[in-house]
Amino acid sequence: MIYNEIQQEIENKIEKTGEASKWKDWKWQLKNSIRNLETFEHLTGINFNNTERQALKETFQKFPLSITPYYLSLIDQNNYRNDPVFKQAFGGIEELSVLKSEMPDPLSEDKDSPVEGITHRYPDRVLFHVSNMCAMYCRHCTRKRKVGDTDFVPSKEQMLKGIEYIRQNTQVRDVLLSGGDPFMLSDEKIDWLLTELRALSHVEVIRIGTRMPVVLPYRITDKLVSILKKHQPLWINTHFNHPNEITSSAKEALARLADGGFPLGNQSVLLADVNDCPRIMRKLLHKLVQNRVRPYYLYQCDLSEGLSHFRTPIGKGIEIMESLVGHTSGFARPTYVIDAPGGGGKIPVMPNYIISWSTNKVVLRNYEGVITTYKEPDNYDHKMCEHQCEDCTLELNISERDESKAIGIEKLLSDSSDVISLIPENNERLQRRDDSK
Ligand SMILES: *Cc1c(COP(=O)(O)O)cnc(C)c1O
């Protein structure tokens, strides 16, 4: 039984039914989400003074509040100001200060959108925003610009535009459903959407990004899992940020998904005063793998508006990665990434392990500080690669070979390209050359 005293108290305050508990009914949870300050104070027993109340109301006017009773019950009422769940769910007046370096859409998701709902940034995969709703409004949301602005679920007609785009772009082999939270859609709509996407033969993998296991684990019902199972291969990524979020209810939801046969991943955001500590992070990662969730990304907090109080220096992330490499299992370690402002995509950052290099040796250091050398082969036969796979001695014989061209740094390294440099647009030095002609 996962029903504790605090939960019971909250439920009684919301609704004195005297009947069987509705706590685990996800629709009841959504219907009774906490969306204003008064209800928050009433249910938690936390009270703010008038000045605070005024400032908080102003905050919630700009960035709305919405917390499920379940997630609310995780807040430590006696120490709420330091509580990681409180900080993620409730926020504060810090959100009203917007820095010059911050942007409404720092990742240019709306600019890289060929049709409504689709962000197409990488060659072979797209982000498909299939819902504008979330069970809980994370205060650190990267899409804060959209939070709470008329909650809506796109109609089937609207979704069909995105599906049509994917149908026509056959290089898309991976579709990442996001939002909002895709599990805010009804079971029926999820089934329909996945059926439509599965009908596209070039879509090899579908991924779902959801925070339901964290903020509303009761959404992961047996019925939902049985629907999802019809549409394999499906990967599911969730968003735990702190070990306190891995409750028995969350564990149950994760077990259901893992037993359903879906590989589970987790994306965390590095948040000041929430999880910017190597010990907390390691605890979180260990609890995740214990529950069959593979840590995937650790994000540097984006430059979205009103998030400055959540941001850490990059050095904090590197320090955390340093505390993981070698110290714990490789599969418990996420990739630390900065999502490039302006839409450049995710850039991995790591401590440095290569100390020096000569023509035949590499000097490396390990996590203990031991310095070691790796002797490179004396007679590695560099094979010129002109992408003529038919003539190659490796004889890969890949039937559905993709001959797409190399781009970016890959292109600089490629033998089959004559390009020797990548030059930014409007390079002044080269413009002078043109001018002097
Ligand atoms: C993160 C992201 C993806 C998926 O990237 P992976 O590194 O494959 O997980 C795809 N599109 C956009 C716009 C993204 O932000």
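The values are calculated or read from the model by the stated rules, or taken from the named source; none is laboratory data. Just so it is clear, the structure is predicted and the values come from calculations on it, not from any experiment. Glycine gets a Cβ as well: all are built from the backbone with ideal geometry, and neighbour counts include every protein chain shown. The accessibility values were calculated without ligands, DNA or RNA, using every heavy atom of the protein model including side chains. Shrake-Rupley method; radii C 1.70, N 1.55, O 1.52, S 1.80 Å.
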If the cut-off is a Cα-Cα distance under 26 Å, which lysines reach K57, setting aside same-chain residues fewer than 8 apart in sequence? K13, K31, K87, K100, K144, K146
Once all Cα-Cα distances of the stretch 118-348 are split into 10 Å bins that start at 0, what whole-number percent is in each one? 7, 32, 37, 20, 3, 0
Could you pull out the pairs from K156/K411; K22/K229; K111/K223; K316/K375 whose alpha carbons sit more than 31 Å apart here? K156/K411; K111/K223; K316/K375
Per DSSP H run of at least 4 residues, take -39500 (n - 2.57); add these up for the chain, divide by its residues and hand me the 222 nm value, nearest 500 deg cm²/dmol. -8500 deg cm²/dmol
Springs between alpha-carbon pairs under 10 angstrom, Gaussian network model over the chain: which of F240, F40, F331 fluctuates most? F331
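Which sequence of M384, M281, M103 reflects their accessible areas, 1.4 Å probe, from the largest down? Intermediate values should be presented prior to the final figure.
On the way: M384 120, M281 0, M103 65 Å².
Of M384, M281, M103, the descending order of accessible area is M384, M103, M281.
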Please state, to two decimals, what the Cα-based radius of gyration of the chain comes to when divided by 2.2 N^0.38 Å (N = residues). 1.11
What lysines sit close enough to K287 to cross-link, taking a C-alpha to C-alpha distance under 17 Å and skipping anything fewer than 8 places away on the same chain? K251
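On alpha carbon coordinates alone, what is the Rg over Rh value for the stretch 114-255, Rh being the Kirkwood radius?
0.95
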Considering only DSSP beta bridges whose two residues both sit in the chain, what percent are antiparallel, to the nearest 5? 40 percent
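Can you give the percent of C-alpha pairs in the stretch 3-149 whose distance is more than 28 Å? Intermediate values should be presented prior to the final figure.
On the way: 3377 of 10731 pairs.
For the stretch 3-149, the fraction of Cα-Cα distances above 28 Å is 31 percent.
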About its Cα centre, what dipole magnitude does the chain give when the only charges are +1 on Lys and Arg Cβ and -1 on Asp and Glu Cβ, stated in debye to the nearest 20? 860 debye
The stretch 72-138: which trypsin sites (Lys or Arg not before Pro) are DSSP loop and have at most 14 other beta-carbon atoms within 10 angstrom? K100, K111
Using only the heavy atoms of the protein chains and a 1.4 Å probe, how would R333, R139 rank by accessible area, largest first? R333, R139
Any chance you could look up the accessible area of V362 with a 1.4 Å probe, heavy atoms only, rounded to 10 Å²? 10 Å²
Within the stretch 294-390, list the GluC sites (Glu not before Pro) lying in a DSSP loop whose Cβ has at most 13 other Cβ atoms in a 10 Å radius. E368, E386
